[in-house]
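*Asks:* Before we start, here is the structure in question, set down as structure tokens.
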């Protein structure tokens, strides 16, 4: 994922949301719009100082729920479990709840 943040510096021109923001619109990223959920980098993908798309979003919203942060919400594992070492995790997960 380091290449993603290196590439953003090399891209010339504005992204679609950055163009709208420059025209005075409020732009809001909700959920997984770019690569990382929430559109940020850092250890848990929630560092405002490391945007994936600089200048694009007025606000970022990522309701991570029981997963606590965007990195945890990325895989949406059952019962709020956050992906870790695969050897210590169940092979199959499900949640008994309404469809």
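*Asks:* Find how much the distance from residue 49 to residue 16 grows on full extension, using 0.36 nm per residue of separation minus their present alpha carbon separation; answer in nm with one decimal.
*Replies:* 9.8 nm
*Asks:* What is the extension gain from residue 26 to residue 59, computed as 0.36 nm multiplied by their sequence separation minus the C-alpha to C-alpha distance, in nm to one decimal?
*Replies:* 11.1 nm
*Asks:* With each run of n ≥ 4 DSSP H residues scored as -39500 (n - 2.57), what mean residue ellipticity at 222 nm is computed for the chain after dividing by its residue count and rounding to the nearest 500 deg cm²/dmol?
*Replies:* -5000 deg cm²/dmol
*Asks:* Roughly what would the spin-label model give for residue 99 and residue 79, points 7 Å off Cα along C-beta, in nm?
*Replies:* Here the answer is 2.4 nm between the modelled labels.
*Asks:* Over the chain, consider all pairs of different Cα atoms and compute the Kirkwood hydrodynamic radius from their mean reciprocal separation; express it in Å, one decimal.
*Replies:* Value: 15.1 Å, from the Cα pair sum.
Read the figures in this text as sums done on the coordinates, not as results from a lab. Computed from a predicted model, the values in this text were never measured in an experiment. In this analysis, Cβ positions are derived from the backbone assuming ideal geometry, glycine residues included, and neighbour counts consider all displayed protein chains.
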